[in-house]
1. Would you say GLY238 is out of contact with any Cys (no Cβ under 7 Å at 6 or more places or on another chain) and closer than 20 Å to MET184 by Cβ?
2. From the set of residues in region 248-287 that are without any contact (Cβ under 8 Å) to a residue 60 or more places away in the chain and of a type in the set (Lys, Arg), which is nearest to the ligand (Cβ to nearest atom)?
3. Given the criteria under 26 Å from PRO118 (Cβ atoms), exposed (fewer than 14 other Cβ atoms within 10 Å of the Cβ), within 15 Å of the ligand (Cβ to nearest atom) and not acidic (Asp, Glu), does GLY245 qualify?
4. Hey, among ALA231, ALA175, ALA163, ALA197, which residue is more than 14 Å from the chain's Cα centre (by Cα), away from the ligand (no atom under 12 Å from the Cβ) and either assigned to a strand (DSSP E or B) or outside the structural domain of VAL323 (by TED's automatic domain parsing) (or both)?
5. Specify which of the listed residues (PRO142, PRO156) is assigned by TED's automatic domain parsing to the domain that holds SER33 and either buried (at least 16 other Cβ atoms within 10 Å of the Cβ) or among the polar types (S, T, N, Q) (or both).
6. Of the residues in region 68-80, how many are in contact with a helix residue (DSSP H, G or I) (Cβ under 8 Å, 6 or more places away or on another chain) and either modelled with pLDDT of 85 or more or surrounded by fewer than 20 Cβ atoms within 10 Å (Cβ to Cβ) (or both)?
7. Checking ALA290 against (1) under 18 Å from ALA162 (Cα atoms); (2) within 16 Å of the ligand (Cβ to nearest atom); (3) small (Gly, Ala, Ser), which single condition isn't satisfied?
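The values are calculated or read from the model by the stated rules, or taken from the named source; none is laboratory data. As the structure is a prediction and not an experimental result, all values here were calculated from the model. With ideal geometry, Cβ positions are generated from the backbone for all residues, glycine too; neighbour counts draw on all protein chains shown.
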Amino acid sequence: MTDQPFITTVERHFLDRKGRNPHATAEFSWLLSGITLAAKIIAAQIHRAGLVDIIGRTGRTNVQGEEVQKLDEFANDTLVRCLGYRDNVGLLVSEEEDEPHVIKERGESGKYIVLFDPLDGSSNINANVSIGTIFSILARDPKVDRNDVLAHVLQPGCKQVAAGYVVYGSSTVLAYTAGAGVHMFTLDPSIGAFVLAQENIRMPEAAKIYSVNEAYEETFPENFRRYLRWAKSADGGGYSMRYIGSLVADFHRTLISGGVFLYPSTKKSPEGKLRLLYEANPLAFVAEQAGGLASDGRQRILDKKPTAMHQRTPLVIGSKQEVERVLRA
Ligand code: P6P
């Protein structure tokens, strides 16, 4: 019997890191299986969205003041249930919820914190545009008072144990990093498992693609406007603009094809629109592990010390040379 697995699932892939990553344990793999199970359940609902009463608005707004779509709520509930059942998860932070879920009965065993945007880009649901789940995993700091929930949650992105995203598109793809490269898995519906598709993905060093919502260009800070004027000029060398309006889809394209995604501060969102803890941090971890960069325009995203759970940040993320070009502007 060969010892080579005929398929490599996310959980198996991470367990194979045993000895090279202190978190590569069966218990962490059990946590990851909570994420992959939730992603499979969410994917099934999204792909039936036209058939069941799951499209449309709930009539409620979330802590961000955004209308909650039925699929948003379903995705959030699914993640809370699947992860709440893993006995090494002590805290859950969701874009959809004002406060963290503290899983009290966990005591010392609940050492991991999972932060997530359950369904990013959900405003695109009705248009059948790719949407996604973004997740970030931290470990409680044993030196910090267990009851000081925010102290455990408000850790800089460089402390992440693992991070990744699921993009629900023509296929359902999960990408993750635990600090040893970025690895991608495709959901095989015939066996109901995420199967390893590509290991150690490298983001192209450069690509003439920028991704931004140009409708807000007039209200971007001058350095971003200067960069965009250059990229669109004759001596900019023929950049293309690609913007889906769904962060996970725009980031996934950037990871695979290269380029730079920009969401600067605007008049409407003076701190930027995207959230630090469960959007910018996980994607910045993935980007850097693939050889890319992620900045808020002034500092490395992963170095930012969070001050609030739902705080926002400007984001410049993508190919090393492209991000550096924006920062030089
Ligand atoms: P805008 C979706 O609502 C989202 O949070 C991200 O997925 C996406 O990148 C961004 O907002 C799009 O924002 O202002 O361009 O519509």
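1. When the stated conditions are applied, GLY238 does not pass them.
2. Among those that are without any contact (Cβ under 8 Å) to a residue 60 or more places away in the chain and of a type in the set (Lys, Arg), it is LYS273.
3. So GLY245 passes the test.
4. Criteria check complete, one pass: ALA197.
5. Just one listed residue meets the conditions, PRO156.
6. 6
7. (2)
For every residue, the table says whether it meets (1) closer than 22 Å to GLY237 by Cβ; (2) in contact with a Phe, Trp or Tyr (Cβ under 9 Å, 6 or more places away or on another chain).
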{"position": "SER265", "(1), (2)": "no, yes"}
{"position": "LEU276", "(1), (2)": "no, no"}
{"position": "ASN281", "(1), (2)": "no, no"}
{"position": "VAL286", "(1), (2)": "no, yes"}
{"position": "GLN289", "(1), (2)": "no, no"}
{"position": "GLY292", "(1), (2)": "yes, no"}
